[in-house]
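So the structure is just underneath, and the comments pick up after that.
The values are calculated or read from the model by the stated rules, or taken from the named source; none is laboratory data. These figures come from a predicted structure and were not determined experimentally. Here the Cβ positions follow ideal geometry from the backbone for every residue, glycine too, while neighbour counts run over all protein chains shown. Quick note on the areas: whole protein, heavy atoms, side chains included, nothing else; ligands and nucleic acids left out. Shrake-Rupley method; radii C 1.70, N 1.55, O 1.52, S 1.80 Å.
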Amino acid sequence: MKLKTIILAAISILAISSCKKEEAPAYLEVNRNNISGSWELSTWNGKLLEKGSYFRITLVRNDGTFTILQNLDAFPEYPREITGRYDLADDDALGTVISGIYDHDSGRWSHDYVISGLTSTSMTWTAVDDGSFVQVFTRESISE
């Protein structure tokens, strides 16, 4: 009888512990401090980048500058480096919006983006003028 009780108790504990909900990620406030660093584009409109393709952006907190290193519109062997300035603005309806301007003749970014889901390892950018244009960035790990 004791053995049945012990087995029943063990099964109950396993059943209860398997129903435990996962904790939601800790979202960070979107500000220059929390987004500064190097990020790699991991998905673009829900799709992974083609093998060998990359888009990396480094956001500098102190002076609001960015550097993009990418091979999406260049030969994979010859990536392009693009620099410029970015700004953050709080919008009551949208949240925090990032916009940028390039140092070369192309002018402003093609979209302004709402930054959401910011954690220590990822963030999502959604175009203000096209909600289907979504980019997910993953923070690049720092190697020593």
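Quick notes
- Beta carbons closer than 6 Å, at least 6 apart along the sequence or on distinct chains, pair a first residue in the stretch 51-62 that is within 11 Å of T83 (Cα to Cα) with a second that is surrounded by 14 or more Cβ atoms within 10 Å (Cβ to Cβ) for I57/W39; I57/F66; I57/I68; T58/S38; T58/T67; L59/I35; L59/S36; L59/F66.
- Residues of the stretch 73-86 that are open to solvent by 50 Å² or more (accessible area, probe 1.4 Å), at pLDDT below 95 and either assigned to a strand (DSSP E or B) or touching a Cys at 6+ places or on another chain (Cβ under 7 Å) (or both): R80, E81.
- Checked against (1) over 22 Å from R32 (Cβ atoms); (2) modelled with pLDDT of 95 or more, G100 meets all criteria but (1).
- Restricting attention to the stretch 98-124, the residues being among the hydrophobic types (A, V, I, L, M, F, W, C), without any contact (Cβ under 8 Å) to a residue 60 or more places away in the chain and over 19 Å from T83 (Cα atoms) number 1.
- In the stretch 22-46, the qualifying residues are those that are among the acidic types (D, E) and either part of a strand (DSSP E or B) or modelled with pLDDT under 95 (or both), and the one that is surrounded by the most Cβ atoms within 10 Å (Cβ to Cβ) is E40.
- When residues of the stretch 87-97 are limited to those that are without any contact (Cβ under 8 Å) to a residue 40 or more places away in the chain and either surrounded by fewer than 15 Cβ atoms within 10 Å (Cβ to Cβ) or assigned to a strand (DSSP E or B) (or both), the one nearest to the chain's Cα centre (by Cα): V97
- Within the stretch 47-72, if we keep just the residues that are of a type in the set (D, E, K, R) and surrounded by fewer than 15 Cβ atoms within 10 Å (Cβ to Cβ), the residue that is nearest to N31 (Cα to Cα) turns out to be R61.
- Screening the stretch 102-141 for strands (runs of 3 or more DSSP E) wholly inside it with 2 or more residues that are open to solvent by 20 Å² or more (accessible area, probe 1.4 Å) and of a type in the set (D, E, K, R) returns the ranges 130-139.
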